[in-house]
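Below you'll find the structure, written out as structure tokens, and then a few comments.
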Amino acid sequence: MPLPVPEDASSEDLPDREGASTQETFELFSALAPKGWRVELIEGEIYVVPPANGEHEEIVTEMVEQVIARRVDKELRNFTGIGLSLPGTTDALRVIPDLVIAPKGSFDDQLEWHAPDPVHLVAEVTSSSTASRDRVQKIRAYARAGIPVYLMIDREAGEAVVCSEPVGDDFAHKHIHKLGTAVPLPHPLGFDLDTGAF
């Protein structure tokens, strides 16, 4: 689907796309994406993702509510819509996880893309358009960034996958749980996520 040009932009305002780098093209797509769409740059590929469906958002909201109610460290906060800049093999990656858990004040600036240093956990809820990236490229990206825990709610497989202890381009531990069960989340969360509510 072609991205719409903002009403206040004329063709003279748009950069010449011929010969544009991947980063420049990514920035152009990000500027032109309709509200609610996500534009991500993963391993040199640009992905434009439409807004999630209601079931996806219900799951994200339930995770947020459970973290608020059960977190041991009361300084931890839930962030949705936060852009992370992750190290890549050649260029930086730009991702917008469904949920980021980090200490209060971690993103209190005007930046659009943030370093992953304060992040304790990222979570993704798969959709048909994102599932393959969530299962493969994002595991590599989050591990390479040193993010301690990656939680993937794989709706198509009916599983919750908890990846922890990043080592290189992968995680040392991956625990798979059927959706509908209690899913133990490691420190610093340290509680069971009730996926029966999903």
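The values are calculated or read from the model by the stated rules, or taken from the named source; none is laboratory data. Note that the structure is predicted; figures quoted are calculated from it, not measured. Note that each Cβ is placed from the backbone with ideal geometry, even for glycine, and that neighbours are counted across all protein chains shown. Note: accessible area is taken over every heavy atom of the protein model, side chains too, but ligands, DNA and RNA are not part of it. Shrake-Rupley method; radii C 1.70, N 1.55, O 1.52, S 1.80 Å.
Remarks
Yes/no per residue for (1) out of contact with any helix residue (DSSP H, G or I) (no Cβ under 6 Å at 6 or more places or on another chain); (2) among the aliphatic types (A, V, I, L, M):
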site: Ala160; (1), (2): no, yes
site: Pro166; (1), (2): no, no
site: Asp169; (1), (2): no, no
site: Ala172; (1), (2): yes, yes
site: His177; (1), (2): yes, no
site: Ala182; (1), (2): yes, yes
site: Leu185; (1), (2): yes, yes
site: Gly190; (1), (2): yes, no
site: Gly196; (1), (2): yes, no
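- Residues of the stretch 169-196 satisfying the condition of being modelled with pLDDT under 95 and loosely packed, with under 13 Cβ neighbours inside 10 Å: Asp169, His187, Gly190, Gly196
- Taken over the stretch 33-59, the criterion of being touching a residue at least 40 places away in the same chain (Cβ under 8 Å), over 18 Å from Gly88 (Cβ atoms) and in contact with a Leu (Cβ under 8 Å, 6 or more places away or on another chain) is satisfied by Val48 alone.
- Residue satisfying all of: in the stretch 90-107; free of Cβ contacts under 8 Å to residues at least 60 places away in the same chain and among the β-branched types (Val, Ile, Thr); most open to solvent (accessible area, probe 1.4 Å) among these: Thr90
- Condition met for Val122 (under 22 Å from Ile46 (Cβ atoms) and loosely packed, with under 14 Cβ neighbours inside 10 Å): no
- Selection within the stretch 26-43 - among the charged types (D, E, K, R) and under 15 Å from Ser129 (Cβ atoms): Arg38, Glu40
- Residue count for the stretch 97-135 satisfying the condition of being touching a helix residue (DSSP H, G or I) at 6+ places or on another chain (Cβ under 7 Å) and either not hydroxyl-bearing (Ser, Thr, Tyr) or not in a loop (DSSP other than H, G, I, E, B) (or both): 7.
- Filter pass, Val161 being under 27 Å from Tyr47 (Cα atoms) and either touching a Phe, Trp or Tyr at 6+ places or on another chain (Cβ under 8 Å) or open to solvent by less than 50 Å² (accessible area, probe 1.4 Å) (or both): yes
- Residue tally, condition out of contact with any His (no Cβ under 7 Å at 6 or more places or on another chain) and open to solvent by 10 Å² or more (accessible area, probe 1.4 Å), over the stretch 125-137: 8
- Residue selection: Gly54 satisfies the criterion of being more than 25 Å from Pro148 (Cβ to Cβ), open to solvent by 30 Å² or more (accessible area, probe 1.4 Å) and modelled with pLDDT of 90 or more.
- Residues of the stretch 76-89 that turn out to be loosely packed, with under 15 Cβ neighbours inside 10 Å and either under 14 Å from Gln137 (Cβ atoms) or in contact with a helix residue (DSSP H, G or I) (Cβ under 9 Å, 6 or more places away or on another chain) (or both), as a count: 2
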